[in-house]
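The values are calculated or read from the model by the stated rules, or taken from the named source; none is laboratory data. Please read these numbers as outputs of a predicted model, since none were measured by experiment. Every residue, glycine as well, gets a Cβ built from its backbone with ideal geometry; the counts of neighbours run over all protein chains shown. The protein model used for the area step is the full one, side chains on, heavy atoms only, and it has no ligands, DNA or RNA in it. Shrake-Rupley method; radii C 1.70, N 1.55, O 1.52, S 1.80 Å.
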Amino acid sequence: MAVTQALADALRSCGSRGALAGARALHGRLVTVGLASAVFLQNTLLHAYFSCGALSDARRLLRADIKEPNVITHNIMMNGYAKQGSLSDAEELFDRMPRRDVASWNTLMSGYFQARRFLDGLETFVSMHRSGDSLPNAFTFCCVMKSCGALGCRELAPQLLGLFWKFDFWGDPDVETALVDMFVRCGYVDFASRLFSQIERPTIFCRNSMLAGYAKLYGIDHAIEYFEDMAERDVVSWNMMIAALSQSGRVREALGLVVEMHRKGVRLDSTTYTSSLTACARLFSLGWGKQLHAKVIRSLPQIDPYVASALIELYAKCGSFKEAKRVFNSLQDRNSVSWTVLIGGSLQYECFSKSVELFNQMRAELMAIDQFALATLISGCFNRMDLCLGRQLHSLCLKSGHNRAIVVSNSLISLYAKCGDLQNAEFVFSSMSERDIVSWTSMITAYSQIGNIIKAREFFDGMDTRNAITWNAMLGAYIQHGAEEDGLKMYSAMLSQKDVTPDWVTYVTLFRGCADIGANKLGDQIIGHTVKAGLILNVSVANAAITMYSKCGRISEAQKLFDLLNGKDVVSWNAMITGYSQHGMGKQAAKTFDDMLSKGAKPDYISYVAVLSGCSHSGLVQEGKLYFDMMTRVHGISPGLEHFSCMVDLLGRAGHLTEAKDLIDKMPMKPTAEVWGALLGACKIHGNDELAELAAKHVFELDSPDSGSYMLLAKIYSDAGKSDDSAQVRKLMRDKGIKKNPGYSWMEVENKVHVFKADDVSHPQVIAIRNKLDELMEKIAHLGYVRTESPRSEIHHSEKLAVAFGIMSLPAWMPIHIMKNLRICGDCHTVIKLISSVTDREFVIRDGVRFHHFKSGSCSCGDYW
């Protein structure tokens, strides 16, 4: 017995040290002393061989020497097969076993879990339960709960809880931990929290599971609160918090937590360094990153591939590609992750040919193709719209079998979609044996980009599960293509989903839709939703809300939200400046632009378009010239067509027609129809027929399909008494097939949008509306208004009908908001000013160019429009 025990101890020692030669020598010793047939020692030897990675030795021992294997023998073999990655051998052995015990079932379930075959693990547990030959133990429940949690199987989790109570495993710390972790991963965080509170001494792993649950489902602030209250923390706790902060965009706080972690004496590990370096890369903070790199060199005996990959990403994103390459070249063990990060870094700095070269080097060195490297390079083709190379990579995917990888197929779908090859995009999609949400969303986006909303909706309806990204894609498709009402219905359907929560992208999209159609009341409701969700002061959401308020004529509300917003970005400033400009509040636009500069914010291309537009609408000639000069001289921004168009409009409206024409002649690019159109509009204001003819000639030569310039020139000729010339312009329109853009106006009453066209007879209250308008026209006649000899359609222009309907439908205290697709005509402008006087009502009209606030007989534009 002493000899047997000594040999068994020696075999265990060989196994723990990985000493294969020693194990083989002891095998020979067993044969010599006649103990080779002892099952106990045979099993111990079998375990030693597997511990040394000697699968072939273990197989020979089982086949040649072990004549009467018992259940322990088979369990050791199954465990060894699973650990060596030969799960099919483990399955075959399990099926051949004459007798099984609970360890047999546990070994197979554990093998499935390690191989990420979670569903097979659950099915094995069900088979065990049905067979009745073995009762589950604590390890069984740990395995099945981990698999359930990994799959997020919400239906199974409560059933496993029932079995947990039935077999009375409460009090076992491992099972308690697995139970809490399962409910967290399945989304039952509240229930997991109640279970957690009942555990007398929860393990640190259990505490970390709750931390992960709070971060995932309740947001980072709840996670921080829980983290600060944790009675015990380990390095995993800190790492989870750092990663959660970084992933939620609070990167500086994540790095601050790294500093606090170091101060409290917690040793930073590879995971800490990886998360921290990734955070530095997101901030493009090369200084921070270099300090961490130095600490990595001092602290870690050897840089692992994940830390190395984070370093490569940091240097590549910060523009130090040579340093990224140096880190890469210093690696002794370069894995596919390192290669992929380097290829991605090279793509980021538009070294596409270098990325292809690195990809080929990777194939030569690793003698293999990595699916993520393939997907990265295909994304490079996507950015360059290089369909030729993309097709070659697709062929390589087919040859290597990587076309079955979801990440590769998704990249191919995006590539083909962007290049307009929807047929191949759909072919790749239909060829996928397994699809994820990205696959479906890519197809929805592909069809929405070409305006095929029906096809996009077919893919959306074909999905089994959807997340917020998918809903946002379909919502955005409707809004982008003018189907705002369908988009808002989509949002209502989204709110009814239990497992989907609108995010900041949802609200940005919705505010854009409300702005487009001027849906004031609905906009207010969505503002309420964002406040409830805690997203109203999210910068992107607030920026969209400011734009929505501005486009709905509520500039004071836009200003209030702007003033409340902390951490304004350039988009915030642009939104506010643009809002003031659209409302003809040029001085406020200029002041806000100056405030932006004084606060240290750097204006961009859009900022200057916004402020120059404001100057144009308010006749601020000197200020406009100053900003136009400052754009290039101070901020190095080359003026584009939009800036020149604003300046021509500004100078022309102010009567500086010659100067406006000279500016056009000096433009470094060819003037567009919009630029010449701005000059043509100014010529109408100041009655310059000669220059108007020149501007119109250029517009016509550019073959602009817009009828506005033609109608403007015809009007100029008509006002000058040149009826023949006016008729000739209209004939030219007919010959070119150019039709006058129909004018229409719309407004929101009781959550319904009412649309009006000139001489409209489709509205159910058309007779009452026309009678009301005639009544109003009679009233303003007493103020001196004289109806011109105009066509009936001008008398019943769409905005006049909307004004009459608004007075009929809305209470006297409420301002009447009206939207119009074209610039308001002079007669309507005069009429609505007078109506505001005789009715003591306020009208806010957004035409195709700007806002007009009519009140007490005057307009906010000061008749400068």
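At-a-glance table
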{"item": "Any pair with Cβ under 8 angstrom, 6 or more apart, that starts in segment 824-835 at a residue that is modelled with pLDDT under 90 and ends at one that is surrounded by fewer than 20 Cβ atoms within 10 Å (Cβ to Cβ) and in a helix (DSSP H, G or I)", "result": "Cys825/Glu794; Asp827/Glu794"}
{"item": "Odd one out for Met669, checked against (1) crowded, with 24+ Cβ neighbours inside 10 Å; (2) modelled with pLDDT under 95", "result": "(1)"}
{"item": "Identity of the residue in segment 103-132, over 18 Å from Pro69 (Cβ atoms), open to solvent by 10 Å² or more (accessible area, probe 1.4 Å) and over 43 Å from the mean Cα position of the chain (by Cα), that ends up modelled with the lowest pLDDT", "result": "Gly132"}
{"item": "Segment 415-432 residues that are over 14 Å from Asn403 (Cβ atoms), paired with ones that are outside any loop (DSSP other than H, G, I, E, B) (beta carbon under 6 Å, 6 or more apart)", "result": "Ala417/Ala425; Ala417/Ala446; Lys418/Phe382; Cys419/Leu387"}
{"item": "Residues (open to solvent by less than 20 Å² (accessible area, probe 1.4 Å), touching a Leu at 6+ places or on another chain (Cβ under 8 Å) and farther than 16 Å from Ile845 by Cα) located in segment 503-516", "result": "Thr506, Tyr507, Thr509, Leu510, Gly513"}
{"item": "Which numbered condition Thr632 fails, given (1) in a helix (DSSP H, G or I); (2) in the same structural domain as Val675 (by the TED database); (3) open to solvent by 30 Å² or more (accessible area, probe 1.4 Å)", "result": "(2)"}
{"item": "Sole residue being touching a Phe, Trp or Tyr at 6+ places or on another chain (Cβ under 8 Å) and crowded, with 19+ Cβ neighbours inside 10 Å, chosen from Ala519, Ala544", "result": "Ala544"}
{"item": "Count - residues of segment 491-528 that are touching a helix residue (DSSP H, G or I) at 6+ places or on another chain (Cβ under 9 Å), over 18 Å from Tyr218 (Cα atoms) and assigned to a loop (DSSP other than H, G, I, E, B)", "result": "2"}
{"item": "Some residue of segment 113-131 being hydroxyl-bearing (Ser, Thr, Tyr), more than 22 Å from Cys153 (Cβ to Cβ) and not assigned by the TED database to the domain that holds Ala150", "result": "no"}
{"item": "Check on Gly287, of a type outside the set (S, T, N, Q), part of a helix (DSSP H, G or I) and modelled with pLDDT under 90", "result": "yes"}
{"item": "Output for segment 1-27, where each listed residue is part of a loop (DSSP other than H, G, I, E, B) and open to solvent by less than 30 Å² (accessible area, probe 1.4 Å)", "result": "Ala19"}
{"item": "Filter pass, Ile242 being under 31 Å from the mean Cα position of the chain (by Cα) and either closer than 24 Å to Thr376 by Cα or aromatic (Phe, Trp, Tyr) (or both)", "result": "no"}
{"item": "In segment 56-93, residue farthest from the chain's Cα centre (by Cα) [restricted to those that are of a type in the set (Ser, Thr, Tyr) and open to solvent by less than 30 Å² (accessible area, probe 1.4 Å)]", "result": "Thr73"}
{"item": "In segment 182-219, the residues that are open to solvent by 60 Å² or more (accessible area, probe 1.4 Å), in contact with a Pro (Cβ under 8 Å, 6 or more places away or on another chain) and within 18 Å of Ala157 (Cβ to Cβ)", "result": "none"}
{"item": "So Phe141, is it among the aromatic types (Phe, Trp, Tyr), under 19 Å from Thr107 (Cβ atoms), open to solvent by less than 10 Å² (accessible area, probe 1.4 Å) and assigned to a helix (DSSP H, G or I)", "result": "yes"}
{"item": "Breaking point among (1) touching a Pro at 6+ places or on another chain (Cβ under 7 Å); (2) open to solvent by less than 40 Å² (accessible area, probe 1.4 Å), for Glu842", "result": "(2)"}
{"item": "Matching residues in segment 382-428 - criterion: being under 21 Å from the mean Cα position of the chain (by Cα), within 25 Å of Ser336 (Cα to Cα) and at pLDDT 85 or above", "result": "Ile406, Val407, Val408, Ser409, Asn410, Ser411, Leu412, Ile413, Ser414, Leu415"}
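Rundown of residues vs (1) buried (at least 23 other Cβ atoms within 10 Å of the Cβ); (2) on the phi < 0 side of the Ramachandran plot; (3) part of a strand (DSSP E or B), yes/no style:
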residue	(1), (2), (3)
Arg770	no, yes, no
Asp774	no, yes, no
Met777	no, yes, no
Lys800	yes, yes, no
Trp813	no, yes, no
Ser836	no, yes, no
His853	no, yes, yes
Gly862	no, no, no
